[in-house]
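Worksheet: the structure to be examined is printed underneath.
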Amino acid sequence: MTIDALAPFYLWVKSLHLMAVMAWMAGLFYLPRLYVYHSEIEPGAGREHERFKKMERLLLRAIMNPAMIATWLFGVILVLTPGAVSWTEGWWHLKLASVLAMTWFHMYLAKHRRAFERDERLFPQRHWRIMNEVPTVLMIVIVLMVIVKPF
């Protein structure tokens, strides 16, 4: 199903979608890195500990959450635009699965931000170093699917 009235706005919506994706990805790259450094600090260790909590909260609430919502909103509008997506091509399904995984990862980070807020350390620093690579892998898959459309 597509909506013909969206066609004249395709490039505008695509531009807004890409800007939202960039903001979202910046947060997805940075928040796990903050968790790496936050993990090094003992809970309740004064100003530095509270500064990390504030940085993580603001990054998630002021940048990442609005950017994720905008990414999804403009992405859905793009999908509804005639000619933007061929539902029979496989690249689209892998791209969608990767975006769903990225959304899950966002929620995973949000859950752990709340744990840091409560001074809980559910994982060691090494875990967050590994998790820091997840958005990169997903980004590679998504970009290749959208640009190359290999299948």
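Odds and ends about this structure:
- Test: residue in segment 123-134 that is over 19 Å from A62 (Cα atoms), among the aliphatic types (A, V, I, L, M) and without any contact (Cβ under 8 Å) to a residue 40 or more places away in the chain: yes
- Filter result for M55 (among the aliphatic types (A, V, I, L, M), farther than 26 Å from V148 by Cβ and without any contact (Cβ under 8 Å) to a residue 60 or more places away in the chain): yes
- Residue count, segment 123-151 (criterion: closer than 30 Å to G44 by Cβ, open to solvent by 60 Å² or more (accessible area, probe 1.4 Å) and under 18 Å from the mean Cα position of the chain (by Cα)): 3
- Candidates are the residues of segment 46-104 that are of a type in the set (K, R) and under 19 Å from the mean Cα position of the chain (by Cα); the one that is farthest from L16 (Cα to Cα) is R57.
- Extreme residue, surrounded by the fewest Cβ atoms within 10 Å (Cβ to Cβ), among residues of segment 109-122 that are in contact (Cβ under 8 Å) with a residue 12 or more places away in the chain and either part of a helix (DSSP H, G or I) or touching a Cys at 6+ places or on another chain (Cβ under 6 Å) (or both): E117
The values are calculated or read from the model by the stated rules, or taken from the named source; none is laboratory data. Every value quoted in this text rests on a predicted model; they were computed, and no experiment measured them. Note: ideal-geometry Cβ built from the backbone for every residue, glycine included; neighbour counts use all protein chains shown. Remember, those area values only see protein heavy atoms, side chains included, never the ligands or the DNA or RNA. Shrake-Rupley method; radii C 1.70, N 1.55, O 1.52, S 1.80 Å.
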